[in-house]
1. Using a 10 Å cut-off on Cβ atoms, rank the peptides 100-113, 156-169 from the highest mean neighbour count down.
2. Convex hull over the Cα atoms of the range 1-122, averaged projected area in nm²?
3. Can you work out ³J(HN,Hα) from phi for every residue in the range 86-93, in order, using Karplus 6.51 cos²θ - 1.76 cosθ + 1.60 and θ = phi - 60°, giving whole Hz and x for Gly and Pro?
4. Which whole-Hz ³J(HN,Hα) couplings does the range 201-212 yield from phi under the Karplus relation 6.51 cos²θ - 1.76 cosθ + 1.60, θ = phi - 60°, glycine and proline marked x?
5. Label points 7 Å out from Cα along the Cβ direction at S38 and L201: separation in nm?
6. Please go through the residue pairs K92/K199; K92/K203; K155/K200; K92/K155 and name each one whose alpha carbons sit more than 25 Å apart in this structure.
7. Quick one: if the Förster radius is 30 Å, what FRET efficiency do R213 and D95 give, using the C-beta to C-beta distance and rounding to 0.05?
8. Which whole-Hz couplings ³J(HN,Hα) result when phi for each residue of the range 66-83 is put into the Karplus expression 6.51 cos²θ - 1.76 cosθ + 1.60, θ = phi - 60°, listed in order with x for Gly and Pro?
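Coordinate-derived values only; no laboratory data. Here the structure is a predicted model, which is why all the values come from computation and not from measurement. Don't worry about glycine lacking a Cβ; one is built from the backbone with ideal geometry, like all the others, and counts go over all protein chains shown.
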Amino acid sequence: MSSINPFPTFNYLQPESYRFSHDSVFLARHVFELVRLSGQKYETFMDLCSGCGVVGLDFIYHLKTHGLDLPRTADFLEVQEIYKNYFNLNSKKLDVESICNFLLLNYSVLINNPFYQEKYDLIISNPPYFRSGHGAFSPDEFKNRCRFFLDATFKDLVLAIESTLNPMGVAYVLVKDLEIHGIQILEEIERMNTRLKFKKLEKIRKTDLIEFRKN
């Protein structure tokens, strides 16, 4: 897949010290294509580990410009408060702030939480790829939280998806195999023994796209 985005959307506002990768916009477009092909309408949507909202807002942009139904509600969950103002400005630029909510939460809070139980029809996530101890930390804690699982684990991420995904819903998550550290992602997910069924789809810029469903 080309590293040049052939489907530009709009100019995002984001912190200068950490810019989103092209993985995010390619993920948004790929999920949009899957949704368009399926003809499925998703009422409740979550961008998990949203940052300034790039993945979810790009996805909604594609829905809007192609005349497809928007979600009734779109939640953007992020643990770093620095992103909140950027997200608010971006959702206003796209004119979708009425359906969008920024949730300043650690996703581990979602696990077995009655308020979020099976709430979402569609979940998209481009989470951190690396674990603590897998590489050198930056002096900047903000950058570290963008790159590493620090406030919760990868297992917590999968369990949060299991808890919040509607029985008829679907989640799409970008992950990296960490073979150099002896981690095979699909094997790791299998050992979690959740109710989720999962499979690897095509790669997005050398990163694996995993689909999760309950049925």
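1. 156-169, 100-113
2. Answer in nm², one decimal: 7.9.
3. So the Karplus estimates, Gly and Pro as x, are 4, 4, 4, 5, 5, 5, 5, 4 Hz.
4. Going residue by residue, I get 9, 5, 6, 10, 6, 6, 10, 6, 9, 10, 9, 10 Hz, with x marking Gly and Pro.
5. 0.8 nm
6. Cα-Cα > 25 Å for K92/K199; K92/K203; K92/K155; rest within.
7. So, using R0 = 30 Å, E works out to roughly 0.40.
8. 9, x, 8, 5, 7, x, 5, 9, 9, 9, 10, 9, 8, 8, 9, 5, 4, 7
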